[in-house]
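Notes for the one structure printed next.
The values are calculated or read from the model by the stated rules, or taken from the named source; none is laboratory data. From a predicted model like this one, the values you see are computed outputs, not experimental measurements. Don't worry about glycine lacking a Cβ; one is built from the backbone with ideal geometry, like all the others, and counts go over all protein chains shown. Only protein heavy atoms, including side chains, enter the accessible area calculation; ligands, DNA and RNA are left aside. Shrake-Rupley method; radii C 1.70, N 1.55, O 1.52, S 1.80 Å.
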Amino acid sequence: RSFVPLSMIANFPLILVVPENHPAKSVKELVAWAKANPDKANYATTSPTFTIASELLKLKTGMPGVAVPYRSSTEMIVSVMSEQTLFAIVDGPPAVPMVNGDKVHALAVTGSERSDELPNVPAMSEAGFPEVDVQIWSGVFAPAKTPPAIVKKLEAAVRSAIQDSDVRSKLKAMAVNPGGGSGDEFRRMIDADIRKYVDIVKAANLKFED
C-alpha cells in the first residue's frame, strides 16, 4: 500500500549446494541422506529469503534440517565448503564461481528452468520437486501518492532503460534474468509472492525479528 510498482529490474533462481565431496549427487539423494542422518542435517542461511527457500524444500520433501545463521552469502558457501553445514540455498553471483571452480557441488536451481550460468545443473522441476520454486527479484517503485501521469512516465522510462540491449547484457553477466515488464505485471507477481511466502512461513512456523 505504500508503493506503486513500476517495473521489475531482474529476477533469478537460487542454487542448492552441498560439499563437493558429499555422497549426495541429486536432490533426492540429499533428502534420503538427511533422513538417514538427521543429527547431521543442517543448512546455512543469512536472511528470511534463504530460510524460507530452505524450509520450503523441507516441507516438500519431508527432510530434516536445522538453520545455522551466517552474516553473508559468502560465509554460507564457506560453511558448506568446510562441511560445517550440509547444504545451502544461495544466490547465484557468489555461488556460480564456487560451483564452476569445484569448491561446492550444485544439485539444482530453484524453479522450472535451468540457469544459463549453470546449464548442466537441473532445475528443481527436473529433480522431481516443481513446487520448490523461489525467484529473487529487484525492481523500481514510486511512492503510493505519486500522480498517475507521473507514474506512467516513470514506468515508461524504467522499462525503456531495462529493455536497452547494453543494460540487458550487463544484467545477464550478473547471472540474473532481465525484467522490463509493466507495473501491472510486477504487481501481480508481488501479490502472488506474498500469498505464497505467507503460507510457507505459517506451515513452517517461522518467526523472524523485525
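Based on DSSP H assignment, which helices of the chain show an axial Cα extent of at least 27 Å together with a mean Kyte-Doolittle hydropathy greater than or equal to -0.5?
183-204
GNM, the chain, Cα, under 10 Å: largest mean-square fluctuation among A149, A44, A24?
Answer for the Gaussian network model of the chain: A149.
So, with a 1.4 angstrom probe, what is the percent of accessible area on the chain that is carbon and sulfur?
The computed percentage sits at 54.
Just for the Cα atoms in the stretch 43-101, what are the lengths along the principal axes, largest first, rounded to whole Å?
In descending order, the Cα extents are 31, 19, 18 Å.
Give me the percent of Cα-Cα pairs in the stretch 153-210 that sit more than 12 Å apart, rounded to a whole number. Walk me through the numbers before you get to the answer.
On the way: 1221 of 1653 pairs.
Taking all Cα-Cα pairs of the stretch 153-210, the fraction more than 12 Å apart is 74 percent.
So what does the Cα-only Debye profile of the stretch 94-172 read at q = 0.20 Å⁻¹, as log10 I(q)/I(0), no solvent term?
The Debye formula, applied to the Cα set alone, gives -0.94.
Just grab the label-to-label distance for A161 and V201, each label 7 Å out from Cα along the Cβ direction, in nm (one decimal).
Once both label points are built, they end up 2.9 nm from each other.
In percent, how large is the relative contact order of the stretch 1-155, given Cα pairs closer than 8 Å and 6 or more residues apart?
Computed value for the stretch 1-155: 38 percent relative contact order.
Using Cα springs under 10 Å in a Gaussian network model of the chain, which residue among S165, S82, S115 shows the largest mean-square fluctuation?
So, out of S165, S82, S115, the one fluctuating most is S165.
Taking only the alpha-carbon positions of the stretch 1-117 and ignoring solvent, what does the Debye formula give for the base-10 log of I(q)/I(0) at q = 0.14, 0.17, 0.20, 0.21 Å⁻¹?
-0.55, -0.78, -1.06, -1.17
Quick one: which residues, 5+ away or cross-chain, put their amide H under 5 Å from the amide H of A67? H built at 1.01 Å from N.
Hits under the 5 Å cutoff: Y43.
If the elastic network links every pair of Cα atoms under 10 Å, which of R159, R195, R114 fluctuates the most in the Gaussian network model of the chain?
R195
At 222 nm, what value in deg cm²/dmol follows for the chain if DSSP H runs of at least 4 each add -39500 (n - 2.57) and the sum is divided by all its residues, to the nearest 500?
The per-residue figure over the chain is -13500 deg cm²/dmol.
Students often forget the sequence filter, so: which aspartates and glutamates lie under 18 Å Cα-Cα from K103 once same-chain residues fewer than 8 apart are removed?
Cross-link targets: E20, E75, E83, D91, E117.
In the stretch 1-101, what trypsin sites (Lys or Arg not before Pro) fall in a loop by DSSP, with at most 11 other Cβ atoms inside 10 Å?
R1, K25, R71
Given just the C-alpha atoms of the chain, how large is their convex hull per residue in cubic angstrom?
120 Å³
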